[in-house]
Amino acid sequence: MLRLDNENQKQPSLWESVLPPELFKLNEELTGVDQLLDDERFLAPFQKKFDMKIGRPTTAVTTYLRMMYLKYRYQMGYEVLVKEVSDSFAWRRFCHLSLEDKVPESSTLIKLTHKYGEVTVKALNDALVLKLKESKVVRGKKLRIDTTVVESDIHYPTDTGLLNDGIKVVTHAVARLEKLVPKIGKGFVNHTRKAKKLYLRLMKVMKGRTGKDTEAVKRTQQELAKISESVIGSGKAVQKELRPYRRKAPLINSLAGRLDKWIEAVEQIIGQTKEVIKGNRHLPGRLVSLFDTGARPVRKGKSHKDTEFGRKILIGETDHGIISTYEVLEGNPSDVTLLQKGVKGHRRLFRKRLKAVAGDRGFYSRHNEEWLQNNRVKQISIPARGKISRERRQYQRQPWFRRLQRFRAGIEAKISLLKRKYGLSRSLMRGDEGTKIWVGQGILSYNLWQAVRIG
């Protein structure tokens with residue numbers, strides 16, 4: 001049963017009436033965020049999708065929202081968050097928890113985060129932007145857009161490292177299944193020790209590479225690929241043996257499903273390793289992680305980090321520093337193809353108010369410029385790429401164009417702030433859905449913080 005607020009919140013407990021009121025006093029930021037989240041529109045996404053009248057009462061939505069704000073605002077893990085809220089009178093009051101109420105456990109918060117999903121988080125962000133629009137704090141006449149990368153929580157991927165990981169996870173999954181079903185896996189051989197020795201030997205060779213030991217590297221890679229193929233063959237035999245047992249026990253079915261996933265991923269890694277040995281290093285859809293198969297290598301041209309492994313995101317920011325639209329993208333699409341998506345995401349909330357759009361030269365194309373003009377955007381500040389004509393140079397030297405380019409430059413600082421203070425440098429939730437939740441929660445926390453500053 002969905003519970004919106006705690007029953008004890010409106011009436012203070014005996015201890016709260018005895019203790020000094022200074023202990024429960026909120027600072028200016030938390031007071032402002034609390035007032036913003038008191039609006040009923042922030043409860044509507046939960047009521048629309050999860051409102052049930054039967055079952056055990058859930059953690060109050062008001063408590064969940066405020067705890068997630070604290071988590072992303074101060075970059076805490078779930079266990080640390082629970083401990084800090086438990087120990088602070090002020091944070092308890094902010095989270096609508098009396099001294100008698102029990103703070104939700106970390107496992108409960110994790111389950112709720114996955115249950116509510118990224119659609120609910122996006123609806124909350126939209127509700128906040130619309131609230132600021134209706135109160136005329138934000139007008140939405142200007143938009144600046146840019147892209148960045150949210151890295152996945154994975155180690156630097158190499159084909160040999162992924163093969164070694166694949167051998168370990170398949171072997172571990174089969175070992176767990178053997179304990180549940182003793183009759184299976186009699187022919188499965190544990191190759192993890194041999195694979196580890198090969199991998200460490202390869203790492204020693206790679207550290208001292210001089211260009212003369214290419215053949216030694218290839219031989220080691222081929223040996224590791226052969227061991228992986230042997231493990232996959234044995235794993236497929238275990239899959240066949242499991243068929244009669246999968247329907248009988250949910251745990252066996254769950255572990256067998258994981259084994260299927262690992263085998264499929266390792267087969268793909270074996271294929272791409274063989275292509276690299278042949279000399280083909282341009283592989284579309286290359287797998288860079290067993291645990292986050294949607295992560296992709298993204299080149300952004302940074303001097304300190306040539307390639308990032310994760311997901312590209314599009315961010316659109318309007319006046320007063322409020323992020324009006326964002327999207328976690330699939331693969332590494334060109335910025336040219338993303339301009340219309342960013343403008344449409346902004347206009348979904350602000351209708352026809354958009355008068356100026358600013359972006360870097362990566363978003364420029366003649367088609368994009370014409371599309372913006374047809375959509376009644378009066379000022380388009382996107383520098384052209386390549387060698388430009390004299391007329392274009394004069395156009396880009398106009399005061400309003402330069403002013404909008406200075407406005408555009410501010411989004412670089414905003415992206416840096418989101419990465420440093422709101423967790424967008426690395427997503428600690430895996431998969432496409434997990435990354436969308438992580439990014440959405442971080443942006444919601446930032447928007448709440450910024451709304452208090454400008455309100």
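Looking at segment 338-353, which of the residues that are open to solvent by 10 Å² or more (accessible area, probe 1.4 Å) and out of contact with any Asp or Glu (no Cβ under 7 Å at 6 or more places or on another chain) is farthest from S135 (Cα to Cα)?
It comes out as Q340.
Can you pull out every residue in segment 17-44 that is β-branched (V, I, T) and either within 30 Å of the chain's Cα centre (by Cα) or at pLDDT 95 or above (or both)?
Within segment 17-44, T31, V33 qualify.
How many residues does segment 375-395 contain that are assigned to a strand (DSSP E or B) and either touching a Cys at 6+ places or on another chain (Cβ under 8 Å) or surrounded by fewer than 12 Cβ atoms within 10 Å (Cβ to Cβ) (or both)?
Applying the first criterion (assigned to a strand (DSSP E or B)) to segment 375-395 yields 379-381.
Add one more test, that the residue is either touching a Cys at 6+ places or on another chain (Cβ under 8 Å) or surrounded by fewer than 12 Cβ atoms within 10 Å (Cβ to Cβ) (or both), and what stays is none.
So the answer is 0.
Could you list all residues from segment 397-449 that are touching a strand residue (DSSP E or B) at 6+ places or on another chain (Cβ under 8 Å), among the small types (G, A, S) and either part of a helix (DSSP H, G or I) or over 19 Å from Y72 (Cα atoms) (or both)?
G410, G434, G440
Need a quick list: strands (runs of 3 or more DSSP E) entirely within segment 257-363 having at least 1 residues that are polar (S, T, N, Q) and in contact (Cβ under 8 Å) with a residue 60 or more places away in the chain.
Where strands (runs of 3 or more DSSP E) fall fully within segment 257-363 and carry at least 1 residues being polar (S, T, N, Q) and in contact (Cβ under 8 Å) with a residue 60 or more places away in the chain, they are 307-318, 323-328.
Please go through (1) free of Cβ contacts under 8 Å to residues at least 60 places away in the same chain; (2) surrounded by fewer than 20 Cβ atoms within 10 Å (Cβ to Cβ) for C95 and return the number of the only condition it doesn't satisfy.
(2)
Which residues, counting only those in segment 294-314, are buried (at least 16 other Cβ atoms within 10 Å of the Cβ) and either touching a Gly at 6+ places or on another chain (Cβ under 8 Å) or not hydrophobic (A, V, I, L, M, F, W, C) (or both)?
Those that are buried (at least 16 other Cβ atoms within 10 Å of the Cβ) and either touching a Gly at 6+ places or on another chain (Cβ under 8 Å) or not hydrophobic (A, V, I, L, M, F, W, C) (or both): G294, A295, R296, V298, E308, G310, R311, K312, L314.
Can you tell me which residues in segment 397-428 are open to solvent by less than 20 Å² (accessible area, probe 1.4 Å), closer than 25 Å to T120 by Cβ and either free of Cβ contacts under 8 Å to residues at least 60 places away in the same chain or not β-branched (V, I, T) (or both)?
Of everything in segment 397-428, those that are open to solvent by less than 20 Å² (accessible area, probe 1.4 Å), closer than 25 Å to T120 by Cβ and either free of Cβ contacts under 8 Å to residues at least 60 places away in the same chain or not β-branched (V, I, T) (or both) turn out to be L418, Y422, G423, L424, S427.
Yes/no per residue for (1) in contact with a strand residue (DSSP E or B) (Cβ under 8 Å, 6 or more places away or on another chain); (2) of a type outside the set (S, T, N, Q); (3) open to solvent by less than 30 Å² (accessible area, probe 1.4 Å):
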| residue | (1), (2), (3) |
| --- | --- |
| A123 | no, yes, no |
| A127 | no, yes, yes |
| L130 | no, yes, no |
| K142 | yes, yes, no |
| T148 | yes, no, yes |
| Y156 | yes, yes, no |
| D159 | no, yes, yes |
| N164 | no, no, yes |
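Can you say whether G77 is small (G, A, S) and either at pLDDT 95 or above or under 24 Å from the mean Cα position of the chain (by Cα) (or both), as far as the supplied structure shows?
yes
Cβ-Cβ below 9 Å, separation at least six or inter-chain, first residue in segment 436-455 and on the phi > 0 side of the Ramachandran plot, second among the charged types (D, E, K, R): which pairs?
Final answer for the pair search is none.
Restrict the check to segment 59-73 and report whether at least one residue is in contact (Cβ under 8 Å) with a residue 40 or more places away in the chain, farther than 18 Å from E29 by Cα, out of contact with any helix residue (DSSP H, G or I) (no Cβ under 7 Å at 6 or more places or on another chain) and open to solvent by less than 30 Å² (accessible area, probe 1.4 Å).
Scanning segment 59-73, I find at least one residue that is in contact (Cβ under 8 Å) with a residue 40 or more places away in the chain, farther than 18 Å from E29 by Cα, out of contact with any helix residue (DSSP H, G or I) (no Cβ under 7 Å at 6 or more places or on another chain) and open to solvent by less than 30 Å² (accessible area, probe 1.4 Å), so the answer is yes.
Here is a list: H320, H367. Which entry is over 20 Å from the mean Cα position of the chain (by Cα) and at pLDDT below 95?
Exactly one of H320, H367 is over 20 Å from the mean Cα position of the chain (by Cα) and at pLDDT below 95, namely H320.
Mind checking which residues of segment 315-337 are charged (D, E, K, R) and open to solvent by less than 10 Å² (accessible area, probe 1.4 Å)?
Selection gives E317 alone.
Within the bounds of segment 98-113, is there any residue that is part of a helix (DSSP H, G or I), open to solvent by 70 Å² or more (accessible area, probe 1.4 Å), modelled with pLDDT of 95 or more and out of contact with any Pro (no Cβ under 6 Å at 6 or more places or on another chain)? I'd like the intermediate steps shown before the answer.
Step one: filter segment 98-113 for residues part of a helix (DSSP H, G or I), giving 106-113.
Of the ones still in play, those that are also open to solvent by 70 Å² or more (accessible area, probe 1.4 Å) are 111.
When the remaining residues are screened for being modelled with pLDDT of 95 or more, the result is 111.
From what is left, the residues that are out of contact with any Pro (no Cβ under 6 Å at 6 or more places or on another chain) are 111.
Scanning segment 98-113 turns up at least one residue that is part of a helix (DSSP H, G or I), open to solvent by 70 Å² or more (accessible area, probe 1.4 Å), modelled with pLDDT of 95 or more and out of contact with any Pro (no Cβ under 6 Å at 6 or more places or on another chain).
The values are calculated or read from the model by the stated rules, or taken from the named source; none is laboratory data. What you see is a predicted model, and the numbers here were worked out from it, not measured in a lab. With ideal geometry, Cβ positions are generated from the backbone for all residues, glycine too; neighbour counts draw on all protein chains shown. Only protein heavy atoms, including side chains, enter the accessible area calculation; ligands, DNA and RNA are left aside. Shrake-Rupley method; radii C 1.70, N 1.55, O 1.52, S 1.80 Å.
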